[in-house]
Structures are given as C-alpha cells and as structure tokens.
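Since the structure comes first, as structure tokens, the remarks are kept for the end.
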C-alpha cells in the first residue's frame, strides 16, 4: 500500500494548518508574503482528521516543535506546532495543544483545528488548537489565575503580574518560569507516552516537517471553551 505523506504548517494570522507549494496546484490558493514572494497554500479549513498514530518532539527549521502524526486511509499528516515563541516562553498554540495531550491516546479518531479570531464584541484574539477525540471535544488542563488578588486554583501555575517603571503590567519572570517548566514537563511525559514505537500497529514513522516561523502573539487572551467548532 502506497502512503501519501502530507507535511503541514501553521499560519499564525488565521490559525489554519496548510500545505505549501512553490507551484500552482488544484485546491491551492496563491499567497503573497510581506516581502512580496508568491507561493501556494492548501488550507485545512475544517481541520485535520484521522487516527492519531503518535505525538513527538523534533527539531524543526526554527526550533523544537510538537507534532501529531495523523493517518486517514492512505494519507498521513504531520501536524506541527512551534513549542517556543520569540521570547522563549511556551507558544500560545503549543500551550493549548500540550494541555490536551494527557487526554489523547494512540488510535483515537481525532480532528485537530487551529484558530485565531476575535469574537464579536470582544477586544482580544482567541488563539490555540482545538482537538476532538472520538467525537468528544477535549477539555485540557486548567490554568490557575488571580482574580481580585485571590488565587483561583488550577493545574497550571498562575502567571503573576506587576507594574514596571512606566506603569505597564508585565508578567513576573518567576511565575512565567514556573508555568513554562510545568508545561514542558507535561510535554516531555506525554510525548514519551505517545511516541512512535516500532512494530506497534505498524504506524508511519514520524519525520520532521518543513515549517514557517510563527509570529509572537500580542495582546492574546487565554483560549476558552466557547469556540465556534
């Protein structure tokens, strides 16, 4: 049986996964970069669906990535997300995906969608990855947070904020480090559990996929469950 491998990328602006081509193809849209370079992209607007074969970490062109290996018949999709943003913190897309890894198992029938949109009447974007497994939308690990100075408990350590000399709120380095460390430990443990294993149900071995650098999210609100899918 011939396997067709599809190496996807994640477009920050739309949150959509896509395949890249330097040449025009059926089903591909022309894309012009900020530098005026033209290419073509096939967008997965309904997400990527199939059977989860593995989740792994590999070193991509711009740093380490978390990638899901999803198989649908003769089609295999490598679905990557950059782990770190430009400041070295866990990326917003990666965080939302890491949070649902403990709920995933190899062999699950999944649909994986990226999103980046501003809900009507709101100021900030919702950015992240939504995963449905076996027809159930997964709810990930919860974030602790401060409300009116009181800590609301959650799985992931809360980010603490303080004002700088100009009066601008900034997260404290200690709280960011604690949050990053927690998420990276979950990532390490879960990718070990979900890694590809030779001769295990004959999955297709994970291969690094080409990628483009995700831009750093600015003014981003933590993803919530009220998504349009």
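Read the figures in this text as sums done on the coordinates, not as results from a lab. The structure presented is a predicted model; accordingly, all values stated were derived computationally and were not measured. Note that each Cβ is placed from the backbone with ideal geometry, even for glycine, and that neighbours are counted across all protein chains shown.
Across 32, 191, 111, mean-square fluctuation computed from a Gaussian network of the chain (C-alpha pairs under 10 Å connected) peaks at 32. Note on the chain: GNM, Cα springs under 10 Å; of 143, 189, 199, the largest mean-square fluctuation is that of 199. The modelled label-to-label distance for the pair residue 164/residue 136, using points 7 Å beyond Cα in the direction of Cβ, is 4.4 nm.
Rounded to the nearest 500, what is the chain's calculated 222 nm mean residue ellipticity when only DSSP H runs of at least 4 contribute -39500 (n - 2.57) each, over all residues?
-4000 deg cm²/dmol
Remark on region 82-202: hydrodynamic radius 16.4 angstrom, per the Kirkwood mean of 1/r across alpha carbon pairs. Take the convex hull of the alpha carbons in the chain; its mean projected area over all directions comes to 14.8 nm².
Once the convex hull of all Cα atoms in region 56-136 is built, its volume per residue stands at 126 Å³.
With equal scatterers on the alpha carbons only and no solvent term, can you work out the Debye log10 of I(q)/I(0) for region 7-127 at 0.12, 0.15, 0.21 1/Å? After summing over all Cα pairs, the log10 values are -0.49, -0.77, -1.36. Here residue 33 and residue 2 are evaluated by their C-beta separation; at R0 = 41 Å the FRET efficiency comes out at 0.80.
So what's the gap between the Cα centers of region 174-192 and region 2-30, to the nearest angstrom? The two parts, judged by their Cα centres, are 30 Å apart.
Counted over all Cα-Cα pairs of region 88-129, pairs farther apart than 15 Å make up 54 percent.
Can you tell me the convex hull volume per residue for region 100-159, based on C-alpha atoms, in Å³ to the nearest whole number?
With only Cα atoms used, region 100-159 gives 117 Å³ per residue.
Site pair residue 195 and residue 64 shows an inter-label distance of 1.3 nm when each label is modelled 7 Å from Cα along Cα→Cβ. Evaluated at q = 0.17, 0.24, 0.26, 0.29 Å⁻¹, a Debye calculation over the C-alpha positions of region 131-180 (equal weights, vacuum) places log10 I(q)/I(0) at -0.63, -0.90, -0.97, -1.07.
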